[in-house]
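The values are calculated or read from the model by the stated rules, or taken from the named source; none is laboratory data. Worth saying up front: this structure is predicted, and the values here are computed from it rather than measured. Heads up, the Cβs are rebuilt from the backbone with ideal geometry, glycines too, and the neighbour counts pull from every protein chain shown.
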Amino acid sequence: MSEIIVRYPPSPTGFFHIGTARTVLYNFLFAQKNKGKAIMRMEDTDKNRSEKQFEENILSGIQTLGMKWDGEIEYQSKRTEIYTKYLSQLLAEDKAYYCFSTPEELNTLRELAQKEKRAFRYPETWRGADKKLVQEKLDAGEKSVIRYKLPKNVSEITFTDAVRGEVTIKLTELDDFVIAKNLETALYNFCVVIDDHDMNISHVIRGEDHISNTPKQILLFKEFGWEIPTFAHLPLILNADKSKLSKRKNKVSVDDYLADGFLPEALINFLALLGWNTSDEQEIFTMEELVEKFSLDRVHKGGAIFDIEKLKWINQEWIKKMDISEFYKRVLEYWKSEYVKKSEKYNFDISLFGDLNNEKNSIFLQEALALVKDRTKQLSEVFENLELFYTEDATLAYSTDIYFHKKMKTSRETAEESLKFAKKIIENLDDNFKFTADNLKTVFVEKIKEAGFKNGYILYPLRVALSGSEFSPGTLELLEIFGKERSLVRMNRGIDLCQ
RNA sequence: GGCGCCAUCGUCUAGGGGUUAGGACACAGGAUUCUCAUUCCUGUAACUGGGGUUCGAUUCCCCAUGGCGCUACCA
């Protein structure tokens with residue numbers, strides 16, 4: 001019957017948080033799945049903490065992760081007149097009242113309650129205050145807040161949470177809570193109710209930390225006689241010690257993960273699986289698959305620890321899945337991205353690769369990338385792994401100690417023989433020999449066998465000479481990408497170093 | 001302290017009145033390979049405790065315990 005409408009409720013008081021990302025994701029998936037709409041609503045009522053740069057960061061982050069919203073962005077800060085209207089209405093109907101208790105007074109009471117092991121509740125000092133007195137104080141400009149007058153005839157609030165089932169909270173736990181600092185400054189619990197109603201929100205999907213706000217909001221919905229949306233409270237994302245994911249103990253900014261070379265797809269994939277799953281054994285999901293399979297009733301109730309190792313694995317799976325031209329595109333985007341530029345950890349000087357508008361340079365980069373791709377877990381590793389392809393052939397620097405390999409029976413002393421052997425094979429190749437890894441393999445295997453060596457005895461030192469490293473892509477692949485000429489220069493360099 | 005939420009391998013989780021409690025990450029071992037990585041095998045590893053209900057409970061109920069969250073003139 002009625003349309004599904006959700007809202008993304010970011011609060012621009014910090015950079016795009018991984019927890020916000022997960023909440024937005026579940027809202028997005030739910031809306032998409034049900035052919036509904038998603039409204040972007042900036043919850044920026046806290047003027048002191050809200051900043052434009054955070055808002056921009058959140059907005060662009062949501063898009064980078066592949067999510068979108070419908071229509072214009074709503075700002076709570078632009079809706080003050082509406083809040084004022086409803087605030088005035090409540091005040092006029094005697095459903096809310098001005099309270100002149102100071103924070104200091106209240107804090108004293110709070111501490112006392114704490115000491116006496118009681119729950120603190122506002123003592124309703126101003127609940128039935130004389131209208132004239134209130135007006136006088138107001139006129140005198142005394143500081144006050146507006147409190148909602150808790151109905152005395154309701155004993156408990158029960159709502160059906162889409163992930164938790166029935167949740168009941170006794171009204172004795174609540175007090176006359178503050179709904180606004182003043183007529184022009186409404187507070188969160190008040191604003192969201194007005195907004196959810198105005199924007200026809202059908203489902204409020206948010207973090208578990210909002211469960212205790214829910215009864216207050218329901219009370220307000222009822223007060224206005226409005227339809228109450230369906231609530232769904234998501235499990236929290238946790239630090240390793242099971243506390244709520246926090247800056248102190250974890251990276252929490254989406255930008256940080258992007259800068260660390262995690263793909264948006266992998267982040268989405270990982271986040272989706274933190275607290276939700278499809279009962280089958282699939283682990284890798286595209287956004288489309290997630291949309292198709294998502295349902296709130298398979299969302300978990302318990303919090304989930306953010307396990308970076310699993311994220312790394314998912315990221316690598318996504319990289320392996322990519323074809324080389326896509327990988328090339330992504331890696332370039334990554335190097336040039338804002339989040340990398342902003343990061344203090346990484347500064348990739350891509351002038352190393354030459355002018356990439358030049359086709360030759362571009363093709364060489366792609367070939368190098370192809371050799372490196374399946375061994376990268378994070379995009380941040382790629383640059384370093386490519387450097388060996390761009391160092392000066394004749395002066396390649398490395399320690400000859402790495403020629404030692406127990407299993408291959410190679411060492412600094414035997415490397416020269418190996419390299420000279422390999423060099424001879426290459427020099428004796430026909431002019432029309434196609435210098436590919438496959439062809440080279442055939443030749444090398446044959447010659448090595450003839451000479452009575454083990455493959456590794458020749459190929460390992462050759463790798464070292466070609467790459468300057470004990471770990472690298474395959475030796476034959478290196479030969480192919482460098483070509484005959486460059487390979488020989490590096491081999492000669494290797495021979496020189498052994499002497 | 002009060003109130004609320006939650007509870008299966010180290011982690012993410014499947015499952016559910018009778019199962020060898022399944023998968024994935026991580027870890028360990030092995031195979032393949034010229035190294036590393038990849039790939040492929042194999043292994044270690046879990047139902048918080050106590051009461052019920054029941055022929056039978058890890059599963060349902062209650063209690064306890066533990067963890068977390070909220071407890072603002074933040075959101």
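Residues of segment A:455-485 that are more than 7 Å from RNA strand B (Cβ to nearest atom) and of a type in the set (Lys, Arg): A:Lys484 alone. Restricting attention to segment A:268-289, does a residue exist that is near RNA strand B (Cβ under 8 Å from one of its atoms), within 16 Å of A:Glu208 (Cα to Cα) and of a type in the set (D, E, K, R)? No, that holds for no residue. What do you reckon, is A:Asp70 more than 16 Å from the chain's Cα centre (by Cα), more than 15 Å from RNA strand B (Cβ to nearest atom) and in contact (Cβ under 8 Å) with a residue 24 or more places away in the chain? Yes; evaluated as a whole, the condition is true for this residue. Being outside the structural domain of A:Val154 (by TED's automatic domain parsing), within 20 Å of the chain's Cα centre (by Cα) and not acidic (Asp, Glu) is the requirement here; does A:Lys216 meet it? In short, no. All conditions but one from (1) at pLDDT below 95; (2) under 21 Å from A:Thr20 (Cα atoms); (3) buried (at least 19 other Cβ atoms within 10 Å of the Cβ) apply to A:Arg164; the one that does not is (3).
In segment A:1-54, the qualifying residues are those that are of a type in the set (Ser, Thr, Tyr) and not in a loop (DSSP other than H, G, I, E, B), and the one that is farthest from A:Asn200 (Cα to Cα) is A:Thr20. Screening segment A:334-391 for residues that are among the small types (Gly, Ala, Ser), over 14 Å from A:Asp260 (Cβ atoms) and assigned to a helix (DSSP H, G or I) and picking the one that is farthest from RNA strand B (Cβ to nearest atom) gives A:Ser351. Listed conditions (1) touching a residue at least 12 places away in the same chain (Cβ under 8 Å); (2) under 18 Å from A:Val193 (Cβ atoms); (3) not assigned by TED's automatic domain parsing to the domain that holds A:Ser246 are all met by A:Gln89, apart from (1).
Selection of first residues in segment A:412-424 that are in the same structural domain as A:Phe453 (by TED's automatic domain parsing) and of second residues that are of a type in the set (Asp, Glu), restricted to Cβ pairs under 7 Å at least 6 apart or on distinct chains, gives the following pairs, ordered by first then second residue: A:Arg412/A:Asp401.
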